[in-house]
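Below is one structure; the comments refer to it alone.
The values are calculated or read from the model by the stated rules, or taken from the named source; none is laboratory data. Since the model is a prediction, treat every value here as computed from it, not as a measurement. When we count neighbours, we look across all protein chains shown, and the Cβ atoms used for this are built from the backbone with ideal geometry, even at glycine. Heads up: the accessible areas ignore ligands, DNA and RNA and are worked out on the full protein's heavy atoms, side chains in. Shrake-Rupley method; radii C 1.70, N 1.55, O 1.52, S 1.80 Å.
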Amino acid sequence: MRILHLLIALLLGTYLSAQPAVERLRCEYLDNPIGIDVQRPRFSWWMQDGSPGARQTAYEIRMAATERELSKNKKHTWATGKVLSSQSTQIEYGGPALKSGERRYWQVRIWNQNGETSAWSAPAYWETGLVNTGDWSAQWISLANEPDSETSLPAHYYRKDFDTNKNIKSARLYATAHGIYECYLNGQKVGDQLFTPGFTSYKKRLQYQAYDVTEMLQKHNTLAVNVADGWFRGYLGWKGKRNYYGNKLAFLAQLVITYSDGSVATVNTDGSWRATTGAFRSTDIYNGERYDARNEPTGWKLPGYDDRTWPQVATPDIPKTQLVASNSVPVRAIDEITPREVIITPNGERVYDLGQNIVGRARIKVRGNAGDSVVLKFAEVLDKEGNFYTTNLRTAEATDVYVLKGSGEEIFEPRFTFHGFRFIQVIGYAPTVDELTGVVIHSDMTPTGSFSCSDSLINQLQSNIQWGQKDNFLDIPTDCPQRDERVGWTGDAQVFSMTAAYNFDVSAFYTKWLKDLAADQHENGKVTHIVPDMYDGKGGATAWGDAAIVVPWTVYQSYGDQRILEQQYPSMKGWVEFMHGRAGDDHLWNNAKDWHWGDWLAYHSDKPDYAGSVTEKDLIATAYYYYSTIKLAEIATLVGKTEEATHYGQLAEAIKAAFQREYFTRSGRLVSHTQTAYALAITFGLVPEDMLEATADYFAADVERFGHLTTGFVGTPLLCSSLSRIDRDDLAFQLLNRKEYPSWLYPVTQGATTIWERWDTQQPDGTIIEGMNSFNHYAYGAIGEWLYTHVAGLRTDPAQPGYRHFFLDPHPGGGLTSATAKMDTPYGPATSEWNLTDGRFTYRVVVPANAQATVILPGGGAQDLSVATMGDGSAVTRSLREKGATLLPSGEYVIRYTYPLPQR
């Protein structure tokens with residue numbers, strides 16, 4: 001039997017491990033984080049065990065100040081002992097509080113269901129930052145006598161020489177800025193992070209970064225810094241406004257050096273530093289960067305440079321109380337793309353096509369004389385005549401200029417700007433494709449999910465969704481990455497949040513952004529339209545403000561993170577109370593004074609009698625008022641607020657009754673007879689029980705009447721899933737497969753490589769809609785959630801969040817013959833992969849160790865069903881034959897049976 005099991009294991013591509021093992025240790029979702037300020041961080045790991053039904057029954061964590069001391073019991077700073085628990089995620093630190101700059105190494109070992117013990121895991125570590133405001137001894141510094149200006153000013157150059165005279169044990173640099181900064185130590189860039197300190201609600205939360213610079217120090221040292229405008233002082237928004245957070249750049253740094261003898265030295269920013277300007281003549285996120293290499297001070301980043309002509313810095317009195325550690329994933333240069341061709345447009349422009357719409361910058365190698373200029377311009381598309389098109393960038397110039405110093409080959413890559421582009425126009429030089437590179441930049445989120453199927457257009461749609469997310473998740477979830485906007489619209493983030501969590505690990509990313517949402521929230525609970533707020537506090541719109549509820553719920557479902565519900569609960573409650581205050585005594589949110597975005601950018605028609613997609617804003621507002629309230633009641637129960645759970649549950653029922661009275665006719669028809677209205681009512685559970693069938697029929701009839709979607713930002717994410725809820729997968733797949741405008745696949749047929757903002761962003765003849773028009777807007781990519789959860793069938797279980805238990809529930813249809821979803825869950829890799837060939841359904845699933853899944857077979861299974869698995873699959877086979885569903889323990893399974901093609 002053992003030999004048979006091994007043969008099956010080889011067939012299934014699995015490995016029967018001799019004993020359990022532990023890998024992928026994480027602290028606060030991060031790999032060996034440095035400089036965090038979470039007082040009681042949480043730990044997680046993956047269990048590796050190829051035995052059938054592998055599960056963890058106990059764990060033990062040990063922790064010490066050094067890696068060597070981990071194996072010495074008396075040196076442990078915290079040890080759990082053997083804990084009888086299957087928990088392997090969200091395990092809270094229970095040791096003594098750490099001081100600033102303390103590091104702890106930790107290891108885990110586990111026991112499996114057979115009582116077998118793993119070896120101790122490879123060590124991991126975590127380290128605190130400056131946990132108290134009083135731990136900052138550095139002073140803010142700034143360029144003295146810089147004039148006020150409403151236009152871009154040169155970036156700042158700061159430097160400080162210092163010596164070390166002893167053997168160094170460790171060194172940490174803590175740094176932040178008003179603006180965006182890059183640090184250099186002895187000529188080498190410190191860290192690989194970009195656009196630090198990141199974009200937050202600067203007046204309330206300013207992040208600092210911590211860097212391990214131990215190996216970078218020498219006897220004679222120079223700490224050199226550039227600070228540029230960034231979000232703090234640069235242009236921000238579509239009204240030509242800059243200096244939103246302040247008109248003066250500043251820098252703050254504290255270098256803590258611990259010597260081997262135990263002594264500590266600190267190098268702080270203070271009045272002894274020198275500052276000037278140089279080659280960065282202007283830097284702006286929207287407009288680009290102008291760099292004159294002739295003005296770069298030679299050797300200024302190295303010891304020995306004579307900076308006596310540089311003025312001493314000013315030391316502005318800037319409070320440090322808003323400083324917080326950076327606990328999210330950093331922005332990095334992730335990938336590089338070589339242009340696939342050079343195009344000479346009808347207008348004579350030299351244009352380089354990357355073949356993919358990206359966010360980042362270009363790197364160019366040039367040769368020429370001192371004073372020669374090379375200009376780089378950026379665009380998402382060419383117009384219908386094939387010329388370079390930048391009208392949709394509005395006022396964003398998206399132009400980088402490099403002035404040569406004339407010293408052989410020179411390499412230019414901007415450092416303080418980014419662009420959204422596929423095409424690069426080069427003026428003043430003619431590089432080869434090997435001399436020009438597109439650098440892809442985004443938050444360094446770990447890819448977790450993938451979806452693919454038998455249809456190449458749908459696969460390209462999935463690629464467009466993932467690229468749209470990468471391009472728009474640059475420290476915050478932006479709406480678009482190319483024009484004079486690039487800000488954190490809450491509605492876009494809300495509707496896309498679950499799709500985002502399938503594609504990438506967004507746990508730390510959303511945790512950071514939600515703190516800014518709460519920070520910018522008004523005292524009356526109103527949530528701003530944009531987070532971080534740069535829209536003068538405007539907010540309070542339905543579906544946008546509901547990000548306060550939906551996004552924390554997404555993090556909870558996806559990662560089992562109850563702490564985020566606890567931390568965001570005041571924010572969630574505040575938003576519901578704001579809605580309650582705006583609604584009338586009749587529980588309908590129909591206050592004429594309140595602004596709502598409605599079903600933003602829904603399909604429209606030029607027909608004079610057309611009103612098929614106009615959903616009443618009051619209906620949308622009241623529907624979301626109900627949804628957020630009932631969700632808050634559920635969350636209140638989870639966080640132990642039972643009285644509030646009862647209160648909000650009762651309020652939700654009153655809202656639901658009011659909605660049904662106001663917006664349903666007696667026949668089950670909605671007064672807003674639109675796809676969005678029906679999708680909201682069905683998804684949110686607002687349809688009266690006795691009207692479910694009639695309402696479903698009205699909904700289906702509307703889809704059949706148009707033959708296409710009519711929804712906007714609010715309705716589109718719910719459209720296919722709500723059709724599936726009423727057992728109309730045929731219509732859902734019809735909408736998915738449609739290739740003509742309006743549809744998800746229409747942009748794909750037009751050559752799109754990201755998701756468009758509008759259904760008609762570009763017309764079939766190549767005409768581009770003027771005005772507000774982005775070729776990289778991820779909101780409509782929320783269809784990705786349905787692809788993962790319904791088509792491939794891999795979905796979370798809110799009752800056991802974080803994939804402790806999940807569902808494997810695929811739905812063949814739409815002419816597809818295969819679909820696969822793979823997901824790196826908090827417990828390990830999961831797979832749902834089906835194939836339909838000649839009437840035979842083959843379903844391969846993987847359930848990670850220490851997790852379980854309920855499989856639900858399309859068609860309910862069959863008597864000829866067979867199951868191949870490593871262990872004894874007879875019970876699984878029997879249950880699937882009888883019920884078409886069963887609970888699967890961890891392992892890999894291949895299920896086969898006869899399955900007729902879906903009919904409608």
**Report entry** Residue that is surrounded by the most Cβ atoms within 10 Å (Cβ to Cβ) [pool: residues in the range 648-679 that are free of Cβ contacts under 8 Å to residues at least 12 places away in the same chain and assigned to a helix (DSSP H, G or I)]
**Finding:** GLU653
**Report entry** Long-range neighbours under 7 Å by Cβ, at least six apart or interchain, first residue free of Cβ contacts under 8 Å to residues at least 40 places away in the same chain within the range 851-862, second open to solvent by less than 20 Å² (accessible area, probe 1.4 Å) and assigned to a helix (DSSP H, G or I)
**Finding:** GLY861/LEU880
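Here is a yes/no grid of residues against (1) in contact with a helix residue (DSSP H, G or I) (Cβ under 7 Å, 6 or more places away or on another chain); (2) assigned to a loop (DSSP other than H, G, I, E, B):
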| site | (1), (2) |
| --- | --- |
| GLN107 | yes, no |
| ALA122 | no, yes |
| ASN145 | no, yes |
| ALA177 | no, no |
| GLN207 | no, no |
Query raised in the report: Quick one: would you say GLY94 is part of a helix (DSSP H, G or I) and over 29 Å from the mean Cα position of the chain (by Cα)?
Result: no
Query raised in the report: For the range 302-322, does any single residue satisfy the condition of being open to solvent by 60 Å² or more (accessible area, probe 1.4 Å) and among the hydrophobic types (A, V, I, L, M, F, W, C)?
Result: yes
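Residue by residue, here is whether (1) surrounded by 17 or more Cβ atoms within 10 Å (Cβ to Cβ); (2) part of a loop (DSSP other than H, G, I, E, B); (3) touching a strand residue (DSSP E or B) at 6+ places or on another chain (Cβ under 8 Å) holds:
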residue: ASN226; (1), (2), (3): yes, no, yes
residue: TYR245; (1), (2), (3): yes, yes, yes
residue: LEU255; (1), (2), (3): yes, no, yes
residue: TYR286; (1), (2), (3): yes, yes, no
residue: ARG290; (1), (2), (3): yes, no, yes
Report task. Return the residue satisfying two criteria in turn: it lies in the range 455-478 and is touching a Lys or Arg at 6+ places or on another chain (Cβ under 9 Å) and under 18 Å from LYS512 (Cβ atoms), and of such residues it is surrounded by the most Cβ atoms within 10 Å (Cβ to Cβ). Result -> ASN472
Query raised in the report: Within the range 770-780, is there a residue that is in a strand (DSSP E or B), touching a Ser or Thr at 6+ places or on another chain (Cβ under 9 Å) and modelled with pLDDT of 95 or more?
Result: no
**Report entry** Contacts under 8 angstrom Cβ, first residue in the range 287-309 being closer than 17 Å to LYS405 by Cα, partner open to solvent by 80 Å² or more (accessible area, probe 1.4 Å) and not in a strand (DSSP E or B), 6 or more apart
**Finding:** ALA293/LYS405; ARG294/LYS405; GLU296/LYS405
Query raised in the report: In the list TRP111, TRP126, which residue meets the criterion of being in contact (Cβ under 8 Å) with a residue 12 or more places away in the chain, under 29 Å from the mean Cα position of the chain (by Cα) and under 30 Å from ASN850 (Cβ atoms)?
Result: TRP126
Query raised in the report: Looking at VAL555, VAL550, which is the one that is aliphatic (A, V, I, L, M) and open to solvent by 10 Å² or more (accessible area, probe 1.4 Å)?
Result: VAL550
Query - Checking THR886 against (1) within 22 Å of SER51 (Cβ to Cβ); (2) under 32 Å from the mean Cα position of the chain (by Cα), the condition it does not meet - result: (2)
Requested in this report: Could you tell me whether ASP148 is out of contact with any Phe, Trp or Tyr (no Cβ under 9 Å at 6 or more places or on another chain) and within 23 Å of TYR286 (Cα to Cα)?
Outcome: yes
Query - Answer residue from the range 462-504, given it is of a type in the set (Phe, Trp, Tyr) and outside any helix (DSSP H, G or I) and is nearest to VAL331 (Cα to Cα) among those - result: PHE473
Report task. Read through the list (1) farther than 23 Å from TYR235 by Cα; (2) loosely packed, with under 14 Cβ neighbours inside 10 Å; (3) without any contact (Cβ under 8 Å) to a residue 60 or more places away in the chain, then give the number of the only condition that LEU185 fails. Result -> (2)
Query raised in the report: Somewhere in the range 193-203, is a residue assigned to a loop (DSSP other than H, G, I, E, B), modelled with pLDDT of 95 or more, out of contact with any strand residue (DSSP E or B) (no Cβ under 6 Å at 6 or more places or on another chain) and more than 24 Å from ASN327 (Cβ to Cβ)?
Result: no
Requested in this report: Mind counting the residues in the range 131-142 that are under 22 Å from ARG274 (Cβ atoms) and open to solvent by 30 Å² or more (accessible area, probe 1.4 Å)?
Outcome: 2
Query raised in the report: Which one of these does ARG340 not meet: (1) open to solvent by less than 70 Å² (accessible area, probe 1.4 Å); (2) of a type in the set (Lys, Arg); (3) in contact with a strand residue (DSSP E or B) (Cβ under 7 Å, 6 or more places away or on another chain)?
Result: (1)
Query - Test: residue in the range 730-749 that is open to solvent by 20 Å² or more (accessible area, probe 1.4 Å) and of a type in the set (Phe, Trp, Tyr) - result: yes
Query raised in the report: Looking at the range 478-491, which of its residues are under 21 Å from GLN356 (Cβ atoms) and in contact (Cβ under 8 Å) with a residue 60 or more places away in the chain?
Result: ASP479, CYS480, PRO481, GLN482, ARG483, ARG486
Report summary line: ASP383 vs (1) among the charged types (D, E, K, R); (2) in contact with a Ser or Thr (Cβ under 9 Å, 6 or more places away or on another chain); (3) surrounded by fewer than 16 Cβ atoms within 10 Å (Cβ to Cβ): all pass except (3)
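This table checks each residue for (1) assigned to a helix (DSSP H, G or I); (2) hydroxyl-bearing (Ser, Thr, Tyr); (3) closer than 13 Å to HIS777 by Cβ; (4) touching a Phe, Trp or Tyr at 6+ places or on another chain (Cβ under 6 Å).
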{"position": "VAL714", "(1), (2), (3), (4)": "no, no, no, no"}
{"position": "LEU719", "(1), (2), (3), (4)": "yes, no, no, no"}
{"position": "SER722", "(1), (2), (3), (4)": "yes, yes, no, no"}
{"position": "ASP727", "(1), (2), (3), (4)": "no, no, no, no"}
{"position": "LEU731", "(1), (2), (3), (4)": "yes, no, no, no"}
{"position": "LEU736", "(1), (2), (3), (4)": "yes, no, no, no"}
{"position": "PRO742", "(1), (2), (3), (4)": "no, no, no, yes"}
{"position": "TYR746", "(1), (2), (3), (4)": "yes, yes, no, no"}
{"position": "GLY751", "(1), (2), (3), (4)": "no, no, no, no"}
Query - Subset of the range 157-173 (residues that are of a type in the set (Lys, Arg) and either open to solvent by 30 Å² or more (accessible area, probe 1.4 Å) or over 16 Å from ALA275 (Cβ atoms) (or both)) - result: LYS160, LYS166, LYS169, ARG172
